[in-house]
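S.K.: So that we are looking at the same thing, I have put the structure below in structure tokens.
The values are calculated or read from the model by the stated rules, or taken from the named source; none is laboratory data. Model, not experiment: these values are computed from the prediction. Cβ placement follows ideal geometry from the backbone for every residue including glycine, while neighbour counts extend to all protein chains displayed.
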Amino acid sequence: MTTLADPVPGGRPGDVARATTLSGDLTGRGVHGVVLAYVDTAGIARIKAVPTAKLPSAAAWGVGMSPVFDTFLANDSIVSTDSLGSPDGDLRLYPDLDGLVVLSAQPGWAWAPVDRVTQDGEPHPGCSRTALRRIVREAAERHGVTFRTGIEIEWAIGRGDVPQTRFVPAVTGPAYGATRQLELSDYTSDLLAALAAQGVDVDQIHPEYAPGQFELSTGPLDPVAAADRSVLVRQTVRAVAHRHGLRVSFAPAVSADGVGNGGHVHLSGWRGGRNLHCGGEGRYGMTAEAESFVAGLLARLPALTAVTAPSPASYLRLKPSRWAGVFTAWGRETREAAVRIVTGTAGLRDQAANLEVKPVDLAANPYLALGCLIAAGLDGLASSAPLPQEITGDPAKLGAEEAAARGVHRLPTSLEQAVEEFRKDDLLRRTLGPVLSDAVIAVRQGECAAVAGLDDEQVAAAYRWRY
Ligand code: GLU
Ligand code: MG
């Protein structure tokens, strides 16, 4: 369970002593430096790094970094809000020692997620990890609910021996094909070994649908740990690929047409050690609270897409018939509805039952995405929101009237639309607070402006190697 307390100047109780011991151990294991990682508003993983000997000082006082990255775009240009985007000021990056991992595919390096704190020792209002810790803490305090979450990872693997600008799939075999597994046998086995050495509990790995695409899923964790894990797994997928002369893309759309890379979120709410998605009186064993949680999510999905699908390239992926879930609908094991109810296999349901949110990709900042999904669901739970009727089959095939009657709507088809929905959503804006929600709006608008006039293929190319 992630420590939910904020870091403080001088270090959280016990952290400096722990970092001192860790620093000695790491040095003994040949680790020379520690990567301090966070994700910006645009969804780009940014880092600073310190020599291993400086870990105790980082745990006590943090490491400096400008707040300007909160309003960076994916292409590294900068926009601004009332409080962010100026060249002034500095923040302290505090490593979470619970999340520190020795990187197997980057010999000599360890990695840790950070929270960002102001120079006055206050939580930085633009820090997405701090926001998610707060949302999780409040969910437990106000609603008595905790969460188990996981983020699936899809990525496209390209050959590294072609010009930087091009994507040439590194495999030729069919979707889910044994050939593909064989062609990248060494890469994927090295990846599994690296993840196991880092303590990552992998559930599955397989060749996916799109050219060169693979998918990996990991076991459930508390939301902050799940977001950290998503960042760490992607760092590892990339690092192992690098060692094999391969190039990877987590971009929502590697090409303008066809199936994209998703980052489906699995989520279950728990009360007093009991899974709310199992053993209840509602549909498929959901408790009344779980049904209302799903209803809350569905109601806010149009606004949520500004957070879960934050790139102009996200809207090349969010198309019907691509299992990306672009309709505000739910169904049991329905892969075209935005929310798929997973009951799990008989015998395992009390542990396995959960819901999957599909219109999420890996351009999303995972801390913001999980925080907003949880807030939306809890709002439904708190107001006992009624869950509409289930959808079976493809919602795209419903006639306009029937779709409207059942509350089935197409999600935003552009980032412009999504950001307008987000702007109108008081609950999501309140959940993130004014600094973060203004940053979300400004960065999304900046991304829209950055691709103005580009055609779909140019949009895909602009973001292909950024995430
Ligand atoms: N690649 C699909 C997406 O973009 C998901 C395929 C699957 O269900 O695994 O969401
Ligand atoms: Mg998949």
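Residue by residue, here is whether (1) among the aromatic types (Phe, Trp, Tyr); (2) at pLDDT below 95; (3) buried (at least 24 other Cβ atoms within 10 Å of the Cβ); (4) on the phi < 0 side of the Ramachandran plot holds:
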residue	(1), (2), (3), (4)
Val233	no, no, no, yes
Ala251	no, no, yes, yes
Leu298	no, no, yes, yes
Leu304	no, no, yes, yes
Ala309	no, no, yes, yes
Pro312	no, no, yes, yes
Glu333	no, yes, no, no
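S.K.: Follow-up question, since we're still on this one. From Gly89, Gly64, Gly85, grab the single residue that is in a loop (DSSP other than H, G, I, E, B) and either free of Cβ contacts under 8 Å to residues at least 40 places away in the same chain or within 19 Å of the chain's Cα centre (by Cα) (or both).
M.R.: The unique qualifying residue is Gly89.
S.K.: What are the pairs, 6+ residues apart or on separate chains, where a residue within the range 190-211 that is on the phi > 0 side of the Ramachandran plot has its Cβ under 9 Å from a residue that is at pLDDT 95 or above and not charged (D, E, K, R)?
M.R.: Once the first residue is on the phi > 0 side of the Ramachandran plot and sits in the range 190-211, its partners that are at pLDDT 95 or above and not charged (D, E, K, R) give Gly199/Val101.
S.K.: Considering only residues of the range 363-386 that are part of a loop (DSSP other than H, G, I, E, B) and under 13 Å from the mean Cα position of the chain (by Cα), which is farthest from ligand 1 (Cβ to nearest atom)?
M.R.: Step by step, filter the range 363-386, then rank; the result is Asn365.
S.K.: Looking at the range 253-271, can you tell me whether even one residue there is charged (D, E, K, R) and within 16 Å of ligand 2 (Cβ to nearest atom)?
M.R.: no
S.K.: Follow-up question, since we're still on this one. Out of all the residues in the range 208-227, which are assigned to a strand (DSSP E or B) and within 16 Å of ligand 2 (Cβ to nearest atom)?
M.R.: Gln213, Phe214, Glu215, Leu216, Ser217, Thr218
S.K.: Within the range 174-223, restricting attention to residues that are among the acidic types (Asp, Glu) and over 18 Å from the mean Cα position of the chain (by Cα), which residue is surrounded by the most Cβ atoms within 10 Å (Cβ to Cβ)?
M.R.: Glu208
S.K.: Test each condition in (1) in contact with a helix residue (DSSP H, G or I) (Cβ under 9 Å, 6 or more places away or on another chain); (2) hydrophobic (A, V, I, L, M, F, W, C); (3) closer than 24 Å to Trp270 by Cβ for Leu316 and report the one that comes out false.
M.R.: Tallying (1) in contact with a helix residue (DSSP H, G or I) (Cβ under 9 Å, 6 or more places away or on another chain); (2) hydrophobic (A, V, I, L, M, F, W, C); (3) closer than 24 Å to Trp270 by Cβ, Leu316 fails exactly one: (3).
S.K.: If you go through the range 231-281 one residue at a time, how many are within 30 Å of Thr413 (Cβ to Cβ) and part of a loop (DSSP other than H, G, I, E, B)?
M.R.: Counting residues in the range 231-281 that are within 30 Å of Thr413 (Cβ to Cβ) and part of a loop (DSSP other than H, G, I, E, B) gives 15.
S.K.: Name the single residue, out of those in the range 348-362 being within 16 Å of ligand 2 (Cβ to nearest atom) and assigned to a loop (DSSP other than H, G, I, E, B), that is nearest to Arg274 (Cα to Cα).
M.R.: Filtering first and then ranking leaves Lys358.
S.K.: Of all the residues that make up the range 411-435, how many are farther than 23 Å from Val451 by Cβ and of a type in the set (A, V, I, L, M, F, W, C)?
M.R.: Selection size over the range 411-435: 4.
S.K.: A further question on this structure: In the range 253-262, which residues are more than 8 Å from ligand 1 (Cβ to nearest atom) and either buried (at least 24 other Cβ atoms within 10 Å of the Cβ) or on the phi > 0 side of the Ramachandran plot (or both)?
M.R.: Of everything in the range 253-262, those that are more than 8 Å from ligand 1 (Cβ to nearest atom) and either buried (at least 24 other Cβ atoms within 10 Å of the Cβ) or on the phi > 0 side of the Ramachandran plot (or both) turn out to be Ala253, Val254, Gly258.
S.K.: Starting from the range 144-173, take each residue that is on the phi > 0 side of the Ramachandran plot and surrounded by fewer than 21 Cβ atoms within 10 Å (Cβ to Cβ) and list its partners that are part of a strand (DSSP E or B) and not hydroxyl-bearing (Ser, Thr, Tyr), counting only C-beta distances under 6 angstrom and pairs at least six apart or across chains.
M.R.: Gly144/Arg271
S.K.: Being in a helix (DSSP H, G or I), on the phi < 0 side of the Ramachandran plot and in contact with a Leu (Cβ under 7 Å, 6 or more places away or on another chain) narrows it down to one residue among Arg133, Arg180; which is it?
M.R.: Arg133
S.K.: Still on this structure, please answer the following. Need the failing condition index for Val31 against (1) in contact with a strand residue (DSSP E or B) (Cβ under 9 Å, 6 or more places away or on another chain); (2) in a loop (DSSP other than H, G, I, E, B); (3) over 22 Å from Thr236 (Cα atoms), just the number.
M.R.: (3)
S.K.: While we're looking at this one, here's another question. Which one is nearest to Thr218 (Cα to Cα), of the residues in the range 277-294 that are in contact with a helix residue (DSSP H, G or I) (Cβ under 6 Å, 6 or more places away or on another chain) and crowded, with 24+ Cβ neighbours inside 10 Å?
M.R.: This residue is His277.
S.K.: Give the residue that is nearest to Arg133 (Cα to Cα), with candidates limited to residues of the range 1-51 that are of a type in the set (A, V, I, L, M, F, W, C) and more than 29 Å from the chain's Cα centre (by Cα).
M.R.: The qualifying residue nearest to Arg133 (Cα to Cα) is Val16.
S.K.: Only one of Gly158, Gly173 is part of a loop (DSSP other than H, G, I, E, B) and either touching a helix residue (DSSP H, G or I) at 6+ places or on another chain (Cβ under 9 Å) or at pLDDT 95 or above (or both). Can you tell me which?
M.R.: Working: Gly158 fails: part of a loop (DSSP other than H, G, I, E, B).
Exactly one residue qualifies, and that residue is Gly173.
S.K.: For the range 344-371, give me the residue count where each residue is at pLDDT 95 or above and among the β-branched types (Val, Ile, Thr).
M.R.: 2
S.K.: Here is a follow-up. Can you pull out every residue in the range 191-243 that is polar (S, T, N, Q) and within 14 Å of ligand 1 (Cβ to nearest atom)?
M.R.: Once the filter is applied, which keeps residues that are polar (S, T, N, Q) and within 14 Å of ligand 1 (Cβ to nearest atom), the range 191-243 yields Gln204, Gln213, Ser217.
S.K.: Being within 10 Å of ligand 1 (Cβ to nearest atom), farther than 21 Å from Arg423 by Cβ and part of a loop (DSSP other than H, G, I, E, B) is the filter here; which residues of the range 306-331 pass it?
M.R.: Lys319, Arg322, Trp323, Ala324, Gly325 - these are the residues of the range 306-331 that are within 10 Å of ligand 1 (Cβ to nearest atom), farther than 21 Å from Arg423 by Cβ and part of a loop (DSSP other than H, G, I, E, B).
S.K.: Find the residue count for the range 442-467, including only residues that are touching a residue at least 24 places away in the same chain (Cβ under 8 Å) and either hydroxyl-bearing (Ser, Thr, Tyr) or in a helix (DSSP H, G or I) (or both).
M.R.: 16
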